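K.L.:
What follows is a single structure, and I will ask about it in a moment.
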Protein chains: 4
Amino acid sequence: MARLGENRWGKTDVRVSKVHHADGEDGLSDLTVQILLSGEVELAHTVGDNTAVLPTDTMRNTVYCLAQEHLTRDLEAFGAVLCDHFLSRAQVTGVTVSISEQIWGRVGPTGFIGGGTERRTARVSGDGERTRTRAGIEGLVVLKTTGSAFSGFPRDEYTVLPDADDRLLATSLTANWSYSTLPVDTSVAWSSARDNILGCFFSNWSASVQHQGWLMANAVLDAVPEIDEIEFHLPNQHHLPFDLTRFGMVDQGTVFQPVSEPYGDIKFTVTR
Amino acid sequence: MARLGENRWGKTDVRVSKVHHADGEDGLSDLTVQILLSGEVELAHTVGDNTAVLPTDTMRNTVYCLAQEHLTRDLEAFGAVLCDHFLSRAQVTGVTVSISEQIWGRVGPTGFIGGGTERRTARVSGDGERTRTRAGIEGLVVLKTTGSAFSGFPRDEYTVLPDADDRLLATSLTANWSYSTLPVDTSVAWSSARDNILGCFFSNWSASVQHQGWLMANAVLDAVPEIDEIEFHLPNQHHLPFDLTRFGMVDQGTVFQPVSEPYGDIKFTVTR
Amino acid sequence: MARLGENRWGKTDVRVSKVHHADGEDGLSDLTVQILLSGEVELAHTVGDNTAVLPTDTMRNTVYCLAQEHLTRDLEAFGAVLCDHFLSRAQVTGVTVSISEQIWGRVGPTGFIGGGTERRTARVSGDGERTRTRAGIEGLVVLKTTGSAFSGFPRDEYTVLPDADDRLLATSLTANWSYSTLPVDTSVAWSSARDNILGCFFSNWSASVQHQGWLMANAVLDAVPEIDEIEFHLPNQHHLPFDLTRFGMVDQGTVFQPVSEPYGDIKFTVTR
Amino acid sequence: MARLGENRWGKTDVRVSKVHHADGEDGLSDLTVQILLSGEVELAHTVGDNTAVLPTDTMRNTVYCLAQEHLTRDLEAFGAVLCDHFLSRAQVTGVTVSISEQIWGRVGPTGFIGGGTERRTARVSGDGERTRTRAGIEGLVVLKTTGSAFSGFPRDEYTVLPDADDRLLATSLTANWSYSTLPVDTSVAWSSARDNILGCFFSNWSASVQHQGWLMANAVLDAVPEIDEIEFHLPNQHHLPFDLTRFGMVDQGTVFQPVSEPYGDIKFTVTR
């Protein structure tokens, strides 16, 4: 006769981000959370009786709902709040909460640089007669908590997106440009292009990803005279509002669900 | 003066799956779609005027809405329907629809084996006195369009999941087991374990992932006497219904949104 | 005073493949192996005394050397051989060998289809005047143990590659083609293209990846009249011979080291 | 009659790193290079005549050989050197060299922090009676060009690794620790642990990865009294010397081949 041994159930890869509004500067938490429970669930396995099986969808919702009040910079405290919450559910006898925080670097009061996927790129091609040189940046992840909008777009029968006058904007920026004449110091030119892209992203209000990109492109063309054309690829890393009103809560607009797929995919070229 | 060059915008990695109900057997389409548009959007870039920028969220919705009626086994025909649809929107002058279909192998009238991430595993450990041997399967992706339920679970203030009497179930199955005595032919034993896992998954109705796993574990223990304990890891690869009623449509329950994160995470051991 | 607790050292992701030559048909093992040892290594940690630390490079070499004689279809037996071998080294008190086998499907006596990354693709683009349709295959992984060569190439001061009259050839094939007129049944046309690609890969001897690709392209153009142009991308998934003669062994030419990077990168188009 | 259309061949994902020794501080280049050639190779495709097909293995070797003299911080200049070199080969009519540089941050004269995969982690588990809290760091990539050795290890019939008195050491560090009592400020405690790990890695000479880890563990235990146990996982990200003497060159020991697999895998726990 078979017996149930060690077991647990839960939800993995719950992605939650939160903006901590504060005097002068916003904070940002970007977490991936796993909840694993154990309990008196033998009948669920053996005869399909689910009366003790808290749904993993509920675990997910709980993470977002408790994040609004309880998520601070103290990961361990948020872990303890979640742990205690699930222990208070009937039939749950053990809880493990694992939290992994993506580390972002601060840039100004509402801006952040994240991840370390950034790379410097160069491409040289020749055919014996002519050599063309491109340079670029790949995977520069940036996020701002304010200073971006998207409204006034056309609406059809499949449009439900609300206008947004001020939204969180994040992208993993790739840019590359051609040099009409090679700069004396290509590293200095690259850094100047990068600085102007970042400066523009974090300080200029934009009406769309396209608009933001146009401003950045112009900043680069103004700063580096050897560049005659620049191409941007700006995947929109969506941070969806997680609707807390479904749970009888007042939604303060600080809790988001970052999603990997699908993503808005914007690409364009600007020339002198 | 800078000028806008080549440009397009769109939505990438729109994942849509559809069950094709038919006499005797269900078909399955599992697609990843990209929509890229070009059009008269210069003012969107230069002055932030979005009147010509169809939102990428709308593109996503459109894929799901048109999938219900138009998605068949003919990818090219679905691509043409999407292409024509977006060309009918004002200010859109060019469309590229790219579709990539995950290939699933059929197992019975409502079952499928997918992906090729499957691996056979073995683990031998020793300390000079005793040798322990485990064997297993990793990444065996299976899906059934019917024969799985999840209802009767506890509800709290964060529970919105509806009861499901019959749902689509998919998992990337990992199992490993210990041998009390080594089988004469370990490849035969492995194949027998695998066959029983698949046979049970595709033919036994289950009340939950846990219940499904229990049945599979028992089938293996019955079939291979040398196995004395088996561990399952069954991540629930959620296929969320995509609510078409928001768009004034009758939802036939055949169009799903597969999501990678988060996922339900079930792990347990069954011993003799 | 700090004390060393649980510890182990080893080598992870040792990739080894082996061709099992047999009457009539070749077998293939494609393994990823992990060796973890524990032993009396406290002094290595605390004072940097390495006399008990078998190098992880040695573990790697051992896997290849023992594979030639001992690796069969029985993973558990190969695991036991490795386990016993490392237990025979001085100061090693515990060994765990973990093996994960990539599963390949047989196609004829010396051919295999692997992985399950294969996808069917389609691309439809239009501008209101004209619609273009492409279809394709992505990630079709194929391997043949014989029937491929590469010799007679130019040599310069950086060339050390020996001529190969008969080598193992593996690739993750991507192909896509344009339709001048749309086939009545696009699924039938796709299958016909795929069948001809596979038939040619497994039955035609080739002098290079380029030559193999040309033959496959011609087979598709012959079989599907609606196709007017086909593009192939054939990354060469190198299986390097692992030189066993360094260890005083006779190298039988059956043990390989598959490498992920770098890879030979061949891409071309064939038109009618 | 079929005709060959656009085509190119080359080598992708050639990983090369170089240490730039200089007065006072070392520089580091960490590149991934792609070489794509086009030329008069129609006969290679159509009849298997390889006399014009420069082997992709040769392209790889060339990257390493030319890196020793020509690779500086100026990516575009190295690209141009490679481009001109391949254009000088017979039958090559077009070359595209693409270079992507991993960006590392400097820490002291010979140390670097790389990548942005770093995450802060926390784990809280409870069973209603007792709560345990762990905290940690994941994916902290560090490299030092000097100050690490590995010699005096046991040698058997499969050992070919030479003693190294001074080698480049890189790892993607994961550490996690348990708190006997929770610190008043968990973020301060985490930063203190991280600072001590980095300080030790970059300033302490070590005789092995194990020795390096022991020193780091002790530094953390000394600095944060609430930590009673710490676990390290230190995968050795090998940078293999690329033997240039095979090409008649004097090897200056500055050019390396970073490899992803296999890797040395060291894990241990240190307790008070």
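The values are calculated or read from the model by the stated rules, or taken from the named source; none is laboratory data. As the structure is a computational prediction, the values presented were derived from the model and not from experiment. Cβ atoms come from the backbone with ideal geometry, glycine included; neighbour counts cover every protein chain shown.
K.L.:
Filter the range D:80-94 for residues that are of a type in the set (S, T, N, Q) and either touching a helix residue (DSSP H, G or I) at 6+ places or on another chain (Cβ under 6 Å) or farther than 18 Å from D:L66 by Cα (or both) and give the result. Before the answer, list the steps.
P.N.:
If we filter the range D:80-94 for residues that are of a type in the set (S, T, N, Q), which is where we start, we get D:88, D:91, D:93.
The answer is D:Q91, D:T93.
K.L.:
Only one of A:S98, A:S125 is modelled with pLDDT of 90 or more, surrounded by fewer than 21 Cβ atoms within 10 Å (Cβ to Cβ), more than 27 Å from B:V47 (Cβ to Cβ) and not assigned by TED's automatic domain parsing to the domain that holds A:G39. Can you tell me which? Talk me through it step by step, then tell me what you get.
P.N.:
On the way: A:S98 fails: not assigned by TED's automatic domain parsing to the domain that holds A:G39.
Of the residues listed, the single one that is modelled with pLDDT of 90 or more, surrounded by fewer than 21 Cβ atoms within 10 Å (Cβ to Cβ), more than 27 Å from B:V47 (Cβ to Cβ) and not assigned by TED's automatic domain parsing to the domain that holds A:G39 is A:S125.
K.L.:
Could you tell me whether the range A:171-178 includes any residue that is in a loop (DSSP other than H, G, I, E, B) and either in contact (Cβ under 8 Å) with a residue 60 or more places away in the chain or surrounded by fewer than 19 Cβ atoms within 10 Å (Cβ to Cβ) (or both)?
P.N.:
Here is the first cut: in the range A:171-178, the ones in a loop (DSSP other than H, G, I, E, B) are none.
Within the range A:171-178, not a single residue is in a loop (DSSP other than H, G, I, E, B) and either in contact (Cβ under 8 Å) with a residue 60 or more places away in the chain or surrounded by fewer than 19 Cβ atoms within 10 Å (Cβ to Cβ) (or both).
K.L.:
Can you name the condition, by its number, that A:S192 falls short on among (1) over 19 Å from the mean Cα position of the chain (by Cα); (2) part of a loop (DSSP other than H, G, I, E, B)?
P.N.:
(2)
K.L.:
Name every residue in the range D:11-21 that is crowded, with 18+ Cβ neighbours inside 10 Å and free of Cβ contacts under 8 Å to residues at least 60 places away in the same chain, in order of residue number. Can you show your working first?
P.N.:
We begin by selecting, within the range D:11-21, every residue crowded, with 18+ Cβ neighbours inside 10 Å; these are D:11-12, D:14-19.
Matches in the range D:11-21: D:K11, D:T12, D:V14.
K.L.:
Mind listing whichever residues of the range A:248-262 are free of Cβ contacts under 8 Å to residues at least 40 places away in the same chain and either of a type in the set (K, R) or buried (at least 21 other Cβ atoms within 10 Å of the Cβ) (or both)?
P.N.:
A:P262
K.L.:
If C:A193 meets every condition in (1) at pLDDT 95 or above; (2) among the aliphatic types (A, V, I, L, M); (3) over 30 Å from C:R132 (Cβ atoms) apart from one, which number is that one?
P.N.:
So C:A193 meets the others, but not (3).
K.L.:
Can you list residue pairs whose Cβ atoms sit under 6 Å apart, with the first residue in the range C:147-163 being over 17 Å from D:V41 (Cβ atoms) and the second being among the hydroxyl-bearing types (S, T, Y)? Count only pairs 6 or more apart in sequence or on different chains.
P.N.:
What qualifies is C:S148/C:S206; C:Y158/D:T58; C:Y158/D:T62; C:D163/C:S151.
K.L.:
Something else now. Taking helices (runs of 4 or more DSSP H) that fall entirely within the range D:22-95, which contain at least 2 residues that are crowded, with 18+ Cβ neighbours inside 10 Å and in the same structural domain as D:L169 (by TED's automatic domain parsing)?
P.N.:
none
K.L.:
Pairs please, first residue from the range C:57-72 and under 23 Å from B:V188 (Cβ atoms), second anywhere and of a type in the set (S, T, Y), Cβ atoms under 7 Å, 6+ apart in sequence or on different chains.
P.N.:
If the second residue must be of a type in the set (S, T, Y), the pairs left are C:L71/C:S29.
K.L.:
Can you confirm whether C:S98 is more than 7 Å from every other protein chain (Cβ to nearest Cβ) and either closer than 26 Å to B:Y179 by Cβ or under 26 Å from the mean Cα position of the chain (by Cα) (or both)? If you could, list the steps in order and put the result at the bottom.
P.N.:
Values: more than 7 Å from every other protein chain (Cβ to nearest Cβ): no; either closer than 26 Å to B:Y179 by Cβ or under 26 Å from the mean Cα position of the chain (by Cα) (or both): yes.
So C:S98 fails the test.
K.L.:
Among the candidates B:V259, B:V250, B:V255, single out the residue that is out of contact with any Phe, Trp or Tyr (no Cβ under 9 Å at 6 or more places or on another chain) and more than 12 Å from chain A (Cβ to nearest Cβ).
P.N.:
On the way: B:V259 fails: more than 12 Å from chain A (Cβ to nearest Cβ); B:V255 fails: out of contact with any Phe, Trp or Tyr (no Cβ under 9 Å at 6 or more places or on another chain).
Only one candidate qualifies: B:V250.
K.L.:
Which residue is farthest from the other protein chains (Cβ to nearest Cβ), if the candidates are limited to the range C:106-121 and must be assigned to a strand (DSSP E or B) and in contact with a Lys or Arg (Cβ under 7 Å, 6 or more places away or on another chain)? Break it down into steps so the answer makes sense when it comes.
P.N.:
Filtering the range C:106-121 for residues assigned to a strand (DSSP E or B) gives C:106-107, C:111-114, C:119-121.
Now narrow it down to the ones that are in contact with a Lys or Arg (Cβ under 7 Å, 6 or more places away or on another chain): C:111-112.
Details: C:G111: 16, C:F112: 12 Å.
The residue in question is C:G111.
Each row is one residue, and each column tells you yes or no for (1) more than 8 Å from every other protein chain (Cβ to nearest Cβ); (2) assigned to a strand (DSSP E or B); (3) touching a Phe, Trp or Tyr at 6+ places or on another chain (Cβ under 8 Å).
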| residue | (1), (2), (3) |
| --- | --- |
| D:R132 | yes, yes, no |
| D:L140 | yes, yes, no |
| D:G199 | yes, no, no |
| D:Q212 | yes, no, yes |
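K.L.:
Another one. Looking at A:A164, A:A223, A:A175, A:A170, which is the one that is aliphatic (A, V, I, L, M), under 26 Å from A:T145 (Cα atoms), in contact with a helix residue (DSSP H, G or I) (Cβ under 7 Å, 6 or more places away or on another chain) and more than 10 Å from every other protein chain (Cβ to nearest Cβ)? I'd like the intermediate steps shown before the answer.
P.N.:
On the way: A:A164 fails: in contact with a helix residue (DSSP H, G or I) (Cβ under 7 Å, 6 or more places away or on another chain); A:A223 fails: under 26 Å from A:T145 (Cα atoms); A:A170 fails: in contact with a helix residue (DSSP H, G or I) (Cβ under 7 Å, 6 or more places away or on another chain).
Of the residues listed, the single one that is aliphatic (A, V, I, L, M), under 26 Å from A:T145 (Cα atoms), in contact with a helix residue (DSSP H, G or I) (Cβ under 7 Å, 6 or more places away or on another chain) and more than 10 Å from every other protein chain (Cβ to nearest Cβ) is A:A175.
K.L.:
If you take the residues in the range A:179-189 that are of a type in the set (S, T, Y) and surrounded by fewer than 17 Cβ atoms within 10 Å (Cβ to Cβ), which one is farthest from the chain's Cα centre (by Cα)?
P.N.:
Step one: of the range A:179-189, the residues of a type in the set (S, T, Y) are A:179-181, A:186-187.
Of the ones still in play, those that are also surrounded by fewer than 17 Cβ atoms within 10 Å (Cβ to Cβ) are A:180-181, A:187.
On the way: A:S180: 35, A:T181: 37, A:S187: 29 Å.
Filtering the range A:179-189 for residues that are of a type in the set (S, T, Y) and surrounded by fewer than 17 Cβ atoms within 10 Å (Cβ to Cβ), the one farthest from the chain's Cα centre (by Cα) comes out as A:T181.
K.L.:
Is there a residue being more than 8 Å from chain A (Cβ to nearest Cβ), on the phi < 0 side of the Ramachandran plot and in contact with a Leu (Cβ under 7 Å, 6 or more places away or on another chain) anywhere in the range B:45-56?
P.N.:
No; the residues of the range B:45-56 include none that is more than 8 Å from chain A (Cβ to nearest Cβ), on the phi < 0 side of the Ramachandran plot and in contact with a Leu (Cβ under 7 Å, 6 or more places away or on another chain).
K.L.:
Hey, could you check the range A:228-247 for residues that are at the interface with another protein chain (Cβ under 10 Å from one of its Cβ atoms) and among the charged types (D, E, K, R) and say which is surrounded by the fewest Cβ atoms within 10 Å (Cβ to Cβ)?
P.N.:
A:R246
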